[in-house]
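See below for the structure under consideration.
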Amino acid sequence: MQVQDYRLEAPFRAILSELAAVLAVQRVNAWATGGFLRDVLFGREVKDLDITIEADPLKLGPDITETFGGDYFPLDAERGRVRVLLPAHHVHLDLMPLAGSMEDDLQSRDFTIDAMAAPLNELASGSIRVIDPTGGLPDLHDRIVRHVSEKALPDDPLRLLRGVRLAVLLNFAIEPKTSEAIQRHAGLLARVAMERQRDELVQILRTPRGAAGLRLMDDLGLLDRVLPELAVTRGVEQPKEHYWDVFKHCLAVVEALDMMLCEDEPETEPARSLWNELWGRLDWWEGRQQYFVTEFVPNTHRCSLTKLAGLLHDIGKPETKSFDNGRIRFRGHADAGAEIATRVMQRLRFSARETALVSGMIEAHMRPVQMAQQQAPSRKAVYRFFRDTGEAGIDTLFLSLADHLGTMGPRVRLDDWRRHVAVIDYVLRMRLEERVIVEPPKLVDGDDLMSALGIPPGPLLGELLELVREAQAAGEVTTREEAIAVARREMSGASTG
């Protein structure tokens, strides 16, 4: 089928023209395939290039790298797949070898919208001949995710999750027979390496429809396969202040984060008013647009980890549930949840840094509200909060906001939301605009206190240094002499007590 109406930015046209010329010299046939061609045809922004070549990518990788001034490495040496990094263009090329005919290659792929090809030398010209043996173009037009064949799913069970990711990424529907096939084969996820399951999960959460993706996983029988620890939260009743049970509340918190972290103003109420109240209040924060969309570690963005913390933040409630004069209590659920989340993260092979971020958010998710129960948080309380939460501090503030929305559900009141946002705004300003509170300059060190107070190294010295930092944060101490005096008074009080 000939297609002329497609979007491809000029820089990409230039890259493709040069790449096609390099391959022509080598007498290598090449096609645009996969998600790259899908996004071009659908009019989405193109970020990476999928190229299938009638040659060995392992041998061609160095030539292409030399032409574009990048680097390359094998993605899958056994299958001959190579990634070429083009830092000057902020993109990468994924090169795959063609085995057999192009039609046979496409018939072996997973979903029809990713089973199309177009000659590479035509793509930059403005008119292409799309090879589409599985009906991907009509499905792209109808916004449908359909498997090429049911056999594709057990061939690589990760495709079960990938179907969900495609649906939420593109805001498509999964075709009914494909949904049924995914449910039939859900048990095969056990064969998939934890790292691969983790990567699909974080990509689902990265989209603006993370909660929809989790609900779709649940409908298809996949959520309990990836996160079996979450199953105990289903149907766990909460106090009357909560609209949902624990499981539905956790999903609602992720949905709230989807809304809050969305770049564009929501189209419907009350989401539009809630979003405008939040970002109108935080308009002063210059880094607001980049904070959550940046990579926390390679290939994993802060927004994905914040949403994962939202999903797991109350996972400790079932084991801590008790009754006090008929009232439901969950004493210690934040600490218990942090421990469970740590085990979940380790099982899914998250890094130690990612695990610390998520468990730290969960452990501290109630503290922003607790700091401001009667009045604005004190300088000392803000210092302690950011001291204890470290890298998770700002993320925890947003988790607290999402927890508020997930608690109230459809009963949310704009006045209550406005008050909660004001607290977060106040704490965030202290963190970003008054750094002396969060990171007070050093007035004394251990040697100073040992010399002035005649004490040896040990735990007491560390406690006194921390006491001085807290006093600085509160504005009670500004000089070296005042710092030593505070430490001396503390020692005197301890000795008389």
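The values are calculated or read from the model by the stated rules, or taken from the named source; none is laboratory data. Predicted model only: the values in this text are computed from it and were never measured. So basically every Cβ, Gly included, is an ideal-geometry build from the backbone, and we count neighbours across all protein chains shown. With ligands, DNA and RNA removed, areas are computed over all heavy atoms of the protein, side chains included. Shrake-Rupley method; radii C 1.70, N 1.55, O 1.52, S 1.80 Å.
Residues are listed down the side, and each one gets a yes or a no for (1) outside any helix (DSSP H, G or I); (2) of a type in the set (D, E, K, R); (3) out of contact with any His (no Cβ under 7 Å at 6 or more places or on another chain); (4) open to solvent by less than 10 Å² (accessible area, probe 1.4 Å):
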site	(1), (2), (3), (4)
307	no, yes, yes, yes
310	no, no, yes, yes
318	no, no, yes, no
323	yes, no, yes, no
328	yes, no, yes, no
331	yes, yes, yes, no
335	no, yes, yes, no
341	no, no, yes, yes
345	no, no, yes, yes
When residue 481 is evaluated against the numbered criteria (1) among the charged types (D, E, K, R); (2) under 30 Å from residue 284 (Cβ atoms); (3) surrounded by fewer than 16 Cβ atoms within 10 Å (Cβ to Cβ), which criterion, by number, is the only one it fails? (2)
Quick one: residue 124 ticks every box in (1) closer than 21 Å to residue 19 by Cβ; (2) touching a strand residue (DSSP E or B) at 6+ places or on another chain (Cβ under 9 Å); (3) open to solvent by 20 Å² or more (accessible area, probe 1.4 Å) bar one, so which box is it? (2)
Could you tell me whether any residue of the stretch 76-87 is crowded, with 22+ Cβ neighbours inside 10 Å and over 30 Å from residue 138 (Cα atoms)? yes
Kindly provide the set of residues from the stretch 366-385 that are open to solvent by less than 20 Å² (accessible area, probe 1.4 Å) and over 13 Å from residue 424 (Cα atoms), ordered by number. 383
How do the helices (runs of 4 or more DSSP H) wholly within the stretch 144-230 filter down when requiring 2 or more residues that are at pLDDT 95 or above, β-branched (Val, Ile, Thr) and surrounded by 15 or more Cβ atoms within 10 Å (Cβ to Cβ): which remain? 158-170, 176-184, 194-206
Only listed residue being surrounded by 15 or more Cβ atoms within 10 Å (Cβ to Cβ), of a type in the set (A, V, I, L, M, F, W, C) and out of contact with any Phe, Trp or Tyr (no Cβ under 8 Å at 6 or more places or on another chain), chosen from 55, 10, 14, 24: 55
I'm told residue 413 meets every condition in (1) surrounded by 15 or more Cβ atoms within 10 Å (Cβ to Cβ); (2) more than 21 Å from residue 471 (Cα to Cα) except one. Can you identify the failing condition by its number? (1)
Scanning for something exposed (fewer than 13 other Cβ atoms within 10 Å of the Cβ) and within 20 Å of residue 137 (Cα to Cα), does the stretch 37-44 turn up at least one residue? yes
